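The values are calculated or read from the model by the stated rules, or taken from the named source; none is laboratory data. Just so you know, these numbers come straight off a predicted model, no measurement behind them. In this analysis, Cβ positions are derived from the backbone assuming ideal geometry, glycine residues included, and neighbour counts consider all displayed protein chains.
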Amino acid sequence: MPNHKILSIDNLSLSDLDSQSELIPLLSPEDEEEMSREVLPAEVPILPLRNTVLFPGVVIPITAGRDKSIKLINDANANGKVIGVVSQINEDDDDPAPADIHKIGTVARILRVLRMPDGNVTVILQGKKRFEIDAITQDNPYMMATIKEYPETKPKKGDKEFSALIDSLRELATQIILESPSIPTEATFAIKNIESQSFLVNFISSNMNLTVKEKQQLLVINDLKERAFETLRFLNLEYQRLELRNDIQSKVRSDMDQQQREYFLHQQLKTIQEELGGGAHDKEIEEMRNKAREKKWDEKTATHFEKELNRLQRMNPQSPDFGIQRNYLELLIELPWNEFSQDKFDLHAAQKILDKEHFGLEDVKKRVIEHLAVLKLRNDMKSPILCLTGPPGVGKTSIGKSIAQALGRQYVRISLGGLRDEAEIRGHRKTYIGAMPGRIIQSLKKAGTSNPVFVLDEIDKLSNSHQGDPSSALLEVLDPEQNSEFYDNFVELGYDLSKVMFIATSNTLQTIQPALRDRMEIIKMSGYTIEEKIEIAKSHLFPKQLAAHGLTSKQLAIGKKQIEKIVEGYTRESGVRGLENKIAQVIRSAAKSIAMDEPYNQKITDEDIVKALGAPRLERSKAEDNDTAGVVTGLAWTSVGGDILFIESLVTKGNGKLTMTGNLGSVMKESATIALEFIKSNAQMLGINPEVLSQNNIHIHVPEGATPKDGPSAGIAMLTSMVSVFTQQKVMKSLAMTGEITLRGKVLPVGGIKEKILAAKRANIKDIILCIDNKQDVDEINQTYLAGLNFHYVKEMHEVVALAVTDKKVKNPKNLIYS
């Protein structure tokens, strides 16, 4: 072993003070030459190091705590004192395997072994030569390996560039020691007195503040000159960091007095708050912090929460903002960030649930099953925005519960009727006293998951005011391309609504903002037929109302005929809400008898219905017999479903003037004008004396004048009514019609066909005249709804007259023709 001097200094790094001592051998070039001539043993025990790399010539202390390492050191200390030192690839490995260590290491000699009181062993090692592991020959009780020398290429003597590089390293290392307050200035003595160029490079590389990976990269470089360049690069980075740290400290030091003053004031304030009961405030903050650790939010949200929590901690509990800030943080904790319920993908079970809860509504149920099918196949589909539109009472809102049950999701509903404040959707800003989040975020907090079925009820009844337009605020909520980052003014963070299944309901589409309507998938829900209402009443409404009134099926029952009597005589709506009210009224009548121990019929009879509801009031809405010329039954669409209307015509002596009454709109009046002009142009073809048209006035009236009426659908009905009154021929019985007319005599298609057909069936209509282009609308309707109806499709007006106006003259006509 070559002779060398040993110097002890208190640093392991050129920039950080360490508690352990470093032994630095000041090797001379002769010592280094003698060391280079040493022959490496063929096989050595391998000591893996967690957090350091040993370089040739460098002396370092190592603390061994693993049983394998302690045994290796004890055996090596007794036999030759030579071991192979390598660094681990992963510092966290407690028992590294051969594949978990680097292949390039340093042969080291044990200088001294110290046994610690805790059982660990500290060994002082000096690096000799680099080696490469050839093969692992033993793994237990510690690793043994055959090795071969890993040679080093040194620059030629007199290389001026290398000499300048070494001078730069020595100078820069000295500057770092002098400017770092944590390194004793005596360390410069070691740097200045190292004569060996290669050892100087190894010594600086070993003591720089680098990671194990970076030090290993330096160790494996064969070319000493290249290693010196790389060491200088790392040393420059460390010097720049040291300069930056010193600059920052100098800037901070100037404000230290003020900060110290504020610190002491805050400590005094904290003590006062604790005396006044502020300990509960700190406990509450700590509870919030513990709850936040369990949340599944992303890093951005977690950072924002911690920032806002620290802000709350600095606030005075008596401040008005303290309550708002606390409510804000509680909301962030209670919101279901990235918490989702598991969807059910049993399509057959979902179909059974929908069929059980809702009779009919085939289009809606089909769409829900389609959504489930796609979700099952892809599992990443953004939830669609469905809009169920139709008359009141047809089950738009209640179907949301069934969809939630079928999907296995939470159910949330908010009513938008009359909403006129944008903050109800987007929330208030925290700058206001009493600020709170919008109803979307509040409902999600109540649901507890981020993927509920969310029913937006009565979206067509949104209003607006000087406080904003809520329908515009809903654009972001209901746009699948935007709602993944929904911004609530109170939350101040983007919230993902893309997994929420929104279902909007409306009675009409006309009042919905066009941009909002464009973001929704419209599903129209028409009214129910009499047969459907009877089935719904028997299966759902009657049992529900029995339970609501405290009765059982054994105490009271009802037959289909009695339900039909209630449907036809007391309700003429598209939905079933009015029917449910009438059934409840009948049950209340029976409940009174049961409570007062009065005799009653266990099975409801027709007399019981009349007794409870009074005489039937809706017989007038049935189709009339048309014994009078000029009376025609038309079909109309309203916001609450389809309905029938009667058009009456009367002629009086005059000069061909047309008069219209019945609260008619401009479009309907235009239809009457077109019909009259067509009759005048085609009088002979229609069998009408032209002089009759010029010598008589005609008056058209649509009953129920208190109800506004408009639209082109009554065109062919007005034409038929005029032809009937001019010819004094009857209109076919049980006939209704709908269609728009033109001056050329064409019949055009109209909308709302299903609603109109259901209205006709409720009124016992047998024959319906439609435009030929409306045939496809009829084909889309369930054929069971069309039982007992005959459809007549027309293209021209004369076809309408030929079908509707019979050749039977009216006996004793009341509408006299003046000629």
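Points worth noting:
- Looking only at residues in the range 343-378 that are out of contact with any His (no Cβ under 8 Å at 6 or more places or on another chain) and in a loop (DSSP other than H, G, I, E, B), the one that is farthest from residue 404 (Cα to Cα) is 360.
- Entry remark, the range 661-676: residues being crowded, with 19+ Cβ neighbours inside 10 Å and touching a His at 6+ places or on another chain (Cβ under 6 Å) number 1 in total.
- Residue within the range 179-191 that is under 60 Å from the mean Cα position of the chain (by Cα) and part of a helix (DSSP H, G or I) present: yes
- Filter result (surrounded by fewer than 21 Cβ atoms within 10 Å (Cβ to Cβ) and outside any loop (DSSP other than H, G, I, E, B)) within the range 390-422: 398, 401, 405, 411, 413, 414, 415
- Cβ-Cβ under 6 Å pairs, at least 6 apart or on other chains, the range 602-617 side within 13 Å of residue 583 (Cα to Cα), far side outside any helix (DSSP H, G or I): 604/558; 608/601
- Set side by side, the residues 221, 166 differ, and just one is surrounded by 17 or more Cβ atoms within 10 Å (Cβ to Cβ) and free of Cβ contacts under 8 Å to residues at least 12 places away in the same chain, which is 221.
- Leading residue by the ranking (farthest from the chain's Cα centre (by Cα)) among those in the range 79-99 that are among the acidic types (Asp, Glu) and surrounded by fewer than 13 Cβ atoms within 10 Å (Cβ to Cβ): 95
- A single entry from 147, 133 fulfils the requirement of being within 24 Å of residue 44 (Cα to Cα), in the same structural domain as residue 37 (by TED's automatic domain parsing) and touching a His at 6+ places or on another chain (Cβ under 9 Å): 133.
- The requirement of being under 21 Å from residue 681 (Cβ atoms), crowded, with 18+ Cβ neighbours inside 10 Å, hydrophobic (A, V, I, L, M, F, W, C) and touching a Cys at 6+ places or on another chain (Cβ under 9 Å) is fulfilled nowhere in the range 757-779; no residue meets it.
- Annotation note: Cβ proximity below 6 Å between a residue of the range 462-476 that is closer than 11 Å to residue 424 by Cβ and a residue that is at pLDDT 75 or above and hydroxyl-bearing (Ser, Thr, Tyr) (sequence gap 6+ or interchain) occurs for 462/471.
- Residues being crowded, with 17+ Cβ neighbours inside 10 Å and within 11 Å of the chain's Cα centre (by Cα) - total across the range 455-486: 5
Let's see how each residue does on (1) hydroxyl-bearing (Ser, Thr, Tyr); (2) farther than 25 Å from residue 527 by Cβ:
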{"site": "635", "(1), (2)": "no, no"}
{"site": "638", "(1), (2)": "yes, no"}
{"site": "645", "(1), (2)": "no, no"}
{"site": "655", "(1), (2)": "no, yes"}
{"site": "682", "(1), (2)": "no, yes"}
{"site": "701", "(1), (2)": "no, yes"}
{"site": "706", "(1), (2)": "no, no"}
{"site": "721", "(1), (2)": "yes, yes"}
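- Hey, residue 22 in a helix (DSSP H, G or I), crowded, with 18+ Cβ neighbours inside 10 Å, acidic (Asp, Glu) and at pLDDT below 90 or not: no
- Restricting attention to the range 89-110 and to residues that are among the charged types (D, E, K, R) and assigned to a loop (DSSP other than H, G, I, E, B), the residue that is modelled with the highest pLDDT turns out to be 103.
- Complete set of residues in the range 681-699 that are part of a helix (DSSP H, G or I) and either at pLDDT 90 or above or over 11 Å from residue 722 (Cβ atoms) (or both): 681, 690, 691, 692, 694, 695
- Check on residue 198, within 12 Å of residue 235 (Cβ to Cβ), at pLDDT 80 or above and either in contact with an Asp or Glu (Cβ under 6 Å, 6 or more places away or on another chain) or hydroxyl-bearing (Ser, Thr, Tyr) (or both): no
- Scope the range 703-731; condition surrounded by 18 or more Cβ atoms within 10 Å (Cβ to Cβ) and hydrophobic (A, V, I, L, M, F, W, C); matching residues: 714, 716, 717, 718, 719, 722, 723, 725, 726, 731
- Flag for residue 429 being out of contact with any helix residue (DSSP H, G or I) (no Cβ under 7 Å at 6 or more places or on another chain) and under 22 Å from residue 387 (Cβ atoms): no
- When residue 509 is tested against the conditions (1) part of a helix (DSSP H, G or I); (2) in contact with a Cys (Cβ under 9 Å, 6 or more places away or on another chain); (3) not small (Gly, Ala, Ser), the lone failure is (1).
- Every pair of residues 6+ apart whose Cβ atoms lie under 7 Å, when the first sits in the range 34-46 and is assigned by TED's automatic domain parsing to the domain that holds residue 101 and farther than 28 Å from residue 140 by Cα while the second is modelled with pLDDT under 80 and not basic (Lys, Arg): 34/2; 35/2
- Some residue of the range 154-168 being within 27 Å of residue 208 (Cα to Cα) and in a strand (DSSP E or B): no
- Just so you know, in the range 49-88 the residues that are more than 23 Å from residue 199 (Cα to Cα) and part of a strand (DSSP E or B) include one that is modelled with the highest pLDDT, and it is 88.
- When the range 316-340 is filtered for residues that are surrounded by 16 or more Cβ atoms within 10 Å (Cβ to Cβ) and assigned to a loop (DSSP other than H, G, I, E, B), the ones remaining, listed by number, are 335, 336, 337.
- Hits in the range 740-777 (condition: at positive phi and in contact with a strand residue (DSSP E or B) (Cβ under 6 Å, 6 or more places away or on another chain)): 745, 752
- The set of residues from the range 423-454 being surrounded by 21 or more Cβ atoms within 10 Å (Cβ to Cβ) and of a type in the set (Ser, Thr, Tyr) comprises just one member, 450.
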